[in-house]
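The values are calculated or read from the model by the stated rules, or taken from the named source; none is laboratory data. Because the structure is a prediction, the values reported are computed rather than measured. Neighbour counts run over all protein chains shown; Cβ positions are idealised from the backbone, glycine included. The area values use the complete protein model at the heavy-atom level, side chains included, leaving out ligands, DNA and RNA. Shrake-Rupley method; radii C 1.70, N 1.55, O 1.52, S 1.80 Å.
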Amino acid sequence: MKLKKEFADFYKEIRIDREQDSLIEKRENVEKDIKDNLPDIMGEHDIDLNKSDIRMIDQGSYKYSTTIKGDVVDRDVAVMIPLSVSDNPDPRKIKGYLKDSIDRPARTVSIKEPCVRASYLENGEEWLHIDLPLYASDGDSVYLARGKATSENYAWEEADPDGLNEDLCGKINGNDQLRRIICFI
């Protein structure tokens, strides 16, 4: 019985039960910047995008309630926009527009291979980053924008972020033991 208590205590120690106010504020600010700025930036490049067409999708450990404490909080929020990938074959450009929409002095923004990252520093140390994978909804298909800003390797990769979330939530929700095991690992 003592070992069971040790695991329960460890789980309480490592797990973040709910999103803290500071994280909610940062996520909401990034979402507002995207919705307020991305349509105009896309318009400057002759790509029509309405604010109401932008869809934000929670992903990763916050979505699955498996977030653990660490030196840097990692938050994943997908950005889904309607976009013809045949008319816009270079996802690096579209990721660049997303980067421009959130580039503010309060955060450091970079383009990673699978996402755009908004990092927040405190006393010169990163304490939070929000990864923003960019998805293009093109007809009945969805594509993830892959490639770093100057990479020779880039592509629109077929994806299903909603299906992945549904599948993983279906496996994890209601299975507290599996959730604990994921957090332990």
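Quick notes on this structure:
- If the Kirkwood radius is taken over C-alpha pairs of region 73-169, then at 25 °C and 0.890 mPa s the Stokes-Einstein diffusion coefficient equals 175 µm²/s.
- Shape parameters for region 118-164, alpha-carbon atoms, Rg then Dmax in Å: 14.7, 46
- DSSP-assigned coil residues among trypsin sites (Lys or Arg not before Pro) in region 99-185, each with at most 10 further Cβ atoms within 10 Å: none
- For region 41-56 versus region 113-171, the gap between their alpha-carbon centres in whole angstrom: 18
- A cut-off under 14 angstrom between Cβ atoms defines the neighbours of TYR154, and their net charge, with Lys, Arg +1 and Asp, Glu -1, is +2.
- Computed 3J(HN,Hα) for region 58-65, one whole-Hz value per residue from the Karplus formula 6.51 cos²θ - 1.76 cosθ + 1.60 where θ = phi - 60°, is 5, 9, x, 4, 5, 4, 9, 6, glycine and proline marked x.
- Globularity index of region 3-101, i.e. its alpha-carbon radius of gyration over 2.2 N^0.38 Å: 1.44
- Heavy-atom surface of the chain, accessible at 1.4 Å and reported per residue (Å²): 58
- Scaling the Cα radius of gyration of the chain by the globular reference 2.2 N^0.38 Å produces a ratio of 1.13.
- Around the amide H of THR67, modelled in the peptide plane, lie the amide H atoms of ILE16, all under 5 Å away and 5 or more residues distant in sequence or on another chain.
- The chain - mean residue ellipticity at 222 nm from DSSP helices (-39,500 (n - 2.57) per run, n ≥ 4, rounded to 500): -12500 deg cm²/dmol
- Environment charge at LYS93 (Cβ cut-off 11 Å; Lys +1, Arg +1, Asp -1, Glu -1): +1
- What a 1.4 Å probe finds exposed on the chain is 46% carbon and sulfur by accessible area, rounded to a whole percent.
- Rounded to 10°, Cα long-axis angle of helix 161-172 versus longest principal axis of the chain: 10
- Beta bridges assigned by DSSP with both partners in the chain are antiparallel in approximately 75 percent of cases.
- For VAL116, the amide hydrogen comes within under 5 Å of the amide hydrogens of LEU132, LEU134, counting only partners 5 or more places away or on other chains and with H modelled in the peptide plane.
- In sequence order, calculated HN-Hα J values of region 93-104 (Karplus, 6.51, -1.76, 1.60; Hz; x Gly/Pro): 5, 5, 5, x, 5, 4, 4, 4, 5, 10, 6, 10
- log10 of Debye I(q)/I(0), alpha-carbon scatterers only, for region 1-52 at 0.13, 0.22, 0.23 Å⁻¹: -0.55, -0.82, -0.85
- 30 Å Cα-Cα threshold exceeded, pairs from LYS5/LYS112; LYS93/LYS171; LYS69/LYS99; LYS12/LYS99; LYS69/LYS148; LYS4/LYS112: LYS5/LYS112; LYS93/LYS171; LYS12/LYS99; LYS4/LYS112
- In Hz, Karplus ³J(HN,Hα) per residue of region 123-129 (6.51, -1.76, 1.60; θ = phi - 60°; x = Gly, Pro): 6, x, 10, 5, 10, 8, 9
- Neighbour count of at most 10 Cβ within 10 Å plus DSSP loop: longest GluC sites (Glu not before Pro)-free window in the chain: 45-151
- Each other residue within a Cβ distance under 9 Å of VAL109 adds +1 if Lys or Arg and -1 if Asp or Glu, for a net charge of +2.
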